[in-house]
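The values are calculated or read from the model by the stated rules, or taken from the named source; none is laboratory data. None of these values were measured; they are calculated from a predicted model. In this analysis, Cβ positions are derived from the backbone assuming ideal geometry, glycine residues included, and neighbour counts consider all displayed protein chains.
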Amino acid sequence: MSSIASCWVKIAAVLLYSYSSRKRKEFRHRHSDRSRWNRKLLRSGIIGEHSYVVPGSTIVDSRSRIGKFCSIAKNVSIGTTMHPVHALTTHPVSYSGEDGDLTIPPENRVNFQNKQPVFIGNDVWIGLNVVIMDGVTIGDGAIIGAGAVVTRDIPPYAIALGIPARVVKYRFDENTIARLLKTRWWDRPPEVIRQLPMGNIPASLEILEKLDS
């Protein structure tokens, strides 16, 4: 190998090492942030075991609850609030009565509930950029497609898409859904869950139902 070629190989090796080292640092930083964020949510009682919320998402009301084994992507807004559209103004001062030097007397305020908790079941997958309005309940096993705006309750194991989000199909047939909900597999201890063949629903149900019989 010529000295010029050898020199280029060394340069390429240095650049590759530098690039891979930077990528490793970015990966560790990203996952460290996610771990810290989710430990905080777990300690506060907002999310259940094995669930995660990617940093960049927002949970408006601390009374909201997220079940176990949930996957919530980046830029998801959980509990986005409404404004009073039939009042003189949609501004929060119409019901809070206070904004800087402006005070609205109680008798002139709008009776309006601006924030209600959201309840998300177990094994729920929520895609990128989803908006979930306050007061909504999302059932166990549901999937919310990326970019959806959820304005009403979503049934268990439903797949909902669009603006506003509408149910387009269900993950399984009615009988399978009923059986899955009855087993509540997400509440089982690790030694039971590790026995379940994840890609074989009938076999998993058989194991769980035998344990319950």
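Is there a residue being at pLDDT below 85, under 30 Å from Ala142 (Cα atoms), in a loop (DSSP other than H, G, I, E, B) and not polar (S, T, N, Q) anywhere in the stretch 59-78?
The answer is no; no qualifying residue exists.
Inside the stretch 100-213, counting only strands (runs of 3 or more DSSP E) that do not spill past its ends, which hold 3 or more residues that are within 15 Å of Val76 (Cβ to Cβ) and in contact with a strand residue (DSSP E or B) (Cβ under 6 Å, 6 or more places away or on another chain)?
So the answer is 131-133.
When Ser94 is evaluated against the numbered criteria (1) outside any helix (DSSP H, G or I); (2) farther than 24 Å from Arg152 by Cα, which criterion, by number, is the only one it fails?
(1)
Name the pairs whose Cβ atoms lie under 7 Å apart, with the first residue in the stretch 71-100 and at positive phi, the second of a type in the set (A, V, I, L, M, F, W, C), and 6 or more positions between them or separate chains?
Pairs found: Asn75/Leu128; Gly79/Ile59; Gly79/Val60; Gly79/Val118; Gly79/Ile132; Gly97/Ile104.
When the residues of the stretch 131-150 are narrowed to those that are modelled with pLDDT of 95 or more and of a type outside the set (A, V, I, L, M, F, W, C), which ends up farthest from Ile120 (Cα to Cα)?
Gly147
Going by the structure shown, is Val110 farther than 19 Å from Ile143 by Cβ and either at pLDDT below 90 or buried (at least 16 other Cβ atoms within 10 Å of the Cβ) (or both)?
Yes.
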